[in-house]
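Worksheet: the structure to be examined is printed underneath.
Nothing in this text is a laboratory measurement; each read-out follows from the coordinates by a stated rule. Keep in mind the model is a prediction, meaning the values are calculated, not measured. Every residue, glycine as well, gets a Cβ built from its backbone with ideal geometry; the counts of neighbours run over all protein chains shown.
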Amino acid sequence: MTGAALAVLVCGLVAAGTARADGGGGTYVTTGHDYDFALVNSGTVAWHSFYLVAPSGMTLVGGTTGNEASDTCVVGPPNEIRCGSLSQSAAPASGSIPFVVTTTSAAICGPAFALFVSTDGSTYVSAGDLVAAPACGPQAPRALTAPSLHGAPKVGATLRVAPPQWSARPSQVAYRWERCTSKSCVTIAGAARSSLRLTRADGGHTIRVVVTATIAGLQVHVPSHGLFVRAAH
């Protein structure tokens, strides 16, 4: 994370008022699979160590504090990461520390993380929740990959869908198969499952599927590539 990005984060943090006496606070932005935190030590003593608890269901891969000579952060089950012992300059009193956490899925703005800090390495106090910085901004739910079709494109065969990866877990997923020409696509009546058995009517046409996910009350529509179906002889 660049110094300019950190400066933006710290400004957003001060405005959010997340600091706590002899504790701390922080905000984050997202980059790919990373949550880029700006942590603030609002106390009068340097931090010895801290740990972060991610939201339920999130899988952490690792993390690092950006101004240390070596990584001291260890992931623990099911969704925690512990960092320390820190150098005296890593999280000084009334100072800030950049902290990057990597997850298995693409990071999104919104979830809150719980931060616990210690000045002696044995007693930890809650610093409250770490939330998205104003610079993070709201991100609409989206597909990270397109659906793909598998199967032989011939009459009598069955096509199956490998669904997309989503930016967040959908509450519902629906399928709509379409029969296409070079000019337009028409919905195939009754074809609303994750597989489609090809019929004579599909021969000579391109077949695709449109996958619709409902995420946080919003619908995301993603079409697959098309497969040309050979006409039956």
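Matching the structure-derived percent of Cα pairs over 32 Å apart against the labelled list [x] 40; [y] 11; [z] 29 gives the label [x]. About the centre of its Cα atoms, the chain shows a dipole size close to 1800 debye [charges on the beta carbon of Lys, Arg (+1) and Asp, Glu (-1) only; nearest 20 debye].
Helix 3-16 and the longest principal axis of the Cα set of the chain meet at an angle near 80°. To the nearest 0.05, what FRET efficiency results for Val210 and Arg82 with a Förster distance of 45 Å applied to their C-beta separation? Once the sixth-power term is evaluated, E becomes 0.50. Maximal additional length on extending the Ala232-Thr59 stretch stands at 57.5 nm, based on 0.36 nm per residue less the C-alpha distance. 3J(HN,Hα) along region 84-93: x, 6, 8, 5, 4, 8, 5, 9, x, 4 Hz, from the Karplus curve 6.51 cos²θ - 1.76 cosθ + 1.60 with θ = phi - 60°, whole Hz, x for Gly and Pro.
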